[in-house]
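Enquirer: The structure is given below, and queries will be raised subsequently.
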Amino acid sequence: MTTPSPPTYPPRPDSAPRPTPARARRAWVGGGVALLLVVACGAAALWSTRGGESGPLAGRPRVTDTRAGLSYGVPGGWKHDPAKDRDLIDAFSSQITRNPGTDHGAAATTGATVLAGRAGRPVSRADLRRTTETAARSNAEFFFPDRPATLEDSHTTTVDGRPAHTAVLRVTGDTGGRLEMTLLTAPGGRTSFLLGVVTGEPDPALVEDLHDVLASTTVD
């Protein structure tokens, strides 16, 4: 894990590799978020299970991300590794991943990750759309360098009753990809986010998993 440092806006790297589980590559990708989300110090993501909740992931294991102030469900076929959370760069505080070729009969080249974090500065409700779309495009440049990304959808939503906005980008070239960024306001004036990234040609079931994770999210 990188050594925590005072809040800054790091300069943007010239390029970044495609997403892989490697720590070094995750650090480059995080730069896209850091342009808009001030790097925060420390991270604490705890594993927990909640029962009796409604929704598509009711009864599934959950990740409780204390820094982001969020809790979300883990779909079948997805994994959460608390040890890997500690290796994330400071812009992110937790993640779940789905390896290529597991469940749903998806293509062997298709994988996905959901990352959560907390913005270093509040984003007003009026600025949610602009900030979400900008952050989504910035992250697409880092997850999918030199590949065109088109805004497929941008809509106002709610997360656990809190105002939020979601921007969806479709990435073309090679095998394709998909990126979904959701920014939400939380109690106390803070702003948190969920970032879903699919590498390879997204199958409908995998996209549904991303939506289920968002639907299961609670704001703590």
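The values are calculated or read from the model by the stated rules, or taken from the named source; none is laboratory data. Given the structure is predicted, the values throughout are model-derived calculations rather than measurements. These accessible areas exclude ligands, DNA and RNA; they are computed on the full protein's heavy atoms, side chains included. Shrake-Rupley method; radii C 1.70, N 1.55, O 1.52, S 1.80 Å.
Enquirer: Need one value: the accessible area of Arg130 in square angstrom, 1.4 angstrom probe, rounded to the nearest 10.
Expert: About 140 Å², ignoring ligands and nucleic acids.
Enquirer: If you don't mind, another one. For the range 167-220, taking Cα atoms only, what is the radius of gyration to one decimal and the Dmax to the nearest whole Å?
Expert: In order Rg, Dmax, the Cα atoms of the range 167-220 give 13.1, 43 Å.
Enquirer: Mind listing P(r) for the range 84-194? All alpha-carbon pairs, 5 Å bins, whole percents.
Expert: Percent of Cα pairs in each bin: 2, 11, 19, 21, 21, 15, 7, 3, 0.
Enquirer: Quick one: what are the phi-derived ³J(HN,Hα) couplings along the range 195-201, Karplus 6.51/-1.76/1.60 with θ = phi - 60°, whole Hz, x for glycine and proline?
Expert: 10, x, 10, 10, 9, x, 6
Enquirer: May I pose another question? Please list 3J(HN,Hα) in residue order for the range 159-171, calculated via the Karplus relation 6.51 cos²θ - 1.76 cosθ + 1.60 where θ = phi - 60°; whole Hz, with x for glycine and proline.
Expert: 10, 6, x, 9, x, 8, 9, 10, 10, 10, 10, 9, 9
Enquirer: Also, quick follow-up: I'd like to check one number: the per residue accessible area of the range 157-220, probe 1.4 Å, reported in Å² as a whole number.
Expert: 31 Å²
Enquirer: Taking amide hydrogens as modeled 1.01 Å from N in the peptide plane, which residues meet the under 5 Å criterion relative to Val123, leaving out close sequence neighbours?
Expert: The answer is Thr191.
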